[in-house]
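See structure below.
The values are calculated or read from the model by the stated rules, or taken from the named source; none is laboratory data. Quick caveat, the model's predicted, so the values are computed rather than measured. Note: ideal-geometry Cβ built from the backbone for every residue, glycine included; neighbour counts use all protein chains shown.
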Amino acid sequence: MLSEDLTGVTVREAGPEDAVCGVTPRWVALPETVEEVSALMRACADRDLAVVPAGGGTKLHWGPPPERLDVLLDLCCMNEIVEHAAGDLVVRAQAGVTMDALAAALAGSGQELALDVPFTEGTTIGGTLAAAVAGPRAFRYGTARDLLIGITVVLPDGTVARSGGKVVKNVAGYDLGKLFTGSFGTLGVIAEATFRLHPLPADRRWIVAVIEPPQVSERGPCQVSELAAMLAAAQEEPSAVELDWPHGQGPIWMTVLVEGAAAEERARALAERMGEPVTGVRDEPPPQWGLIADDDLLAEVRFPPAALTEVLDAVHYSGFSLRGSAVTGRIWLELWGEEDEEKVSGAVDALRDRLEPCGARLVVHATPYESVQRWGRVGALPLMRRVKERFDPGRRMSPGRFVGGI
């Protein structure tokens, strides 16, 4: 048993419910401190055991199955908010703290971590960083990577490394926060994170607009792009501009968030400038605001905001529903109406072929089909492989779960 090599770390035998993309580990470890994570990683290194870190488990089905899996490192017991310096607008928390729990704790001081991630229930701080998930207000406040000011990680050999705020030990030459954000558990274990906070907005208003689809008005995508460009530069400073286009057909819904002082006045002024497509200004968000149905097939497209018209043209009648930001160049796609593996794979390939010429990149996060090409072309792959070799030469951290089999 792995527990024989450890003192104080809870380890249990794994069962089918602990599987990661169909691969069942031998053990599940539940550390409660950074020191226990370090001891666990040293024990795994000594025995050449492959490890997959997990937070709330909401995105464990993203990516291919691990090449091998001995230990599922469950961070659910690392759920403590270590420090909240309200006067400095800074919080430090363990990786297993859920985003909902953190929001509730910070609200008591009139503050927030402005990461309205689209998968909220059970989503943890560590998982949010590892998957680099962003929500609607990334336009104003930035992504997790932008709000992160310090991080504590445990490397595959058990070394504890810190960078950013309150540095104790760093890994020379690397910004660990930026490196581990979006690493999908392939470089080490995110144990703690320190974030910059913001005051809770005094007020919020949502502007809802409906743009006629391309089959009704040839200017549909162009009109969306023109509105998005105007909103991105507007002096009313909207916090988010979200699109919702079910099935890539019918009207395109645009929702604009205005928050802070005089939100009502600013929203109505902005709605007047937006003109005819606006259907109203609300004090509550529409039901679909900031939510993504993480279904069997979920993809993400990142693109230069100036290419929004081309992206909408590509998605039209592609078989995908679209939801995401019109101003940050980041949207989510959900496939609908296709169950045949060959057709799904063909739909993904065809859409990627239409998107890449305009500088867009499509990544399939979740799919039940092995034949679906998840990543497309990745120019930085040689560099990413060198980083993987530097941090995890034994290929024991989530092996094969990331781009290029990293």
Just a yes or no: is a residue in the stretch 189-203 within 30 Å of E276 (Cβ to Cβ), modelled with pLDDT of 95 or more and in contact with an Asp or Glu (Cβ under 6 Å, 6 or more places away or on another chain)? yes
Select, from D70, D18, the only residue that is touching a Lys or Arg at 6+ places or on another chain (Cβ under 6 Å) and under 26 Å from H365 (Cβ atoms). D70
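So, in the stretch 148-162, exactly how many residues are hydrophobic (A, V, I, L, M, F, W, C) and farther than 10 Å from V37 by Cα? It would help to see each step written out before you state the result.
Taking the stretch 148-162 and keeping what is hydrophobic (A, V, I, L, M, F, W, C), we get 148-149, 151, 153-155, 160-161.
Now drop any that are not farther than 10 Å from V37 by Cα, which leaves 148-149, 151, 161.
Selection size over the stretch 148-162: 4.
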Among the numbered criteria (1) surrounded by 15 or more Cβ atoms within 10 Å (Cβ to Cβ); (2) modelled with pLDDT of 95 or more; (3) assigned to a loop (DSSP other than H, G, I, E, B), which single criterion is violated by G376? (2)
Where G135 falls short, out of the listed (1) surrounded by fewer than 20 Cβ atoms within 10 Å (Cβ to Cβ); (2) not in a helix (DSSP H, G or I): (1)
Exactly one condition in (1) surrounded by fewer than 17 Cβ atoms within 10 Å (Cβ to Cβ); (2) touching a Leu at 6+ places or on another chain (Cβ under 6 Å); (3) hydrophobic (A, V, I, L, M, F, W, C) is not met by A95; state its number. (1)
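With the condition kept exactly as written, say whether any residue in the stretch 286-300 is among the β-branched types (V, I, T) and assigned to a strand (DSSP E or B). Let's see the steps before the verdict.
Our first condition is that a residue be among the β-branched types (V, I, T); within the stretch 286-300, this holds for 292.
Now drop any that are not assigned to a strand (DSSP E or B), which leaves none.
So far as the stretch 286-300 goes, no, none of its residues is among the β-branched types (V, I, T) and assigned to a strand (DSSP E or B).
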If you take the residues in the stretch 322-369 that are farther than 20 Å from V403 by Cβ and in contact with a Lys or Arg (Cβ under 8 Å, 6 or more places away or on another chain), which one is surrounded by the most Cβ atoms within 10 Å (Cβ to Cβ)? G324
Tell me, which strands (runs of 3 or more DSSP E) lie completely within the stretch 52-117 with 1 or more residues that are of a type in the set (K, R) and at pLDDT 95 or above? 90-94
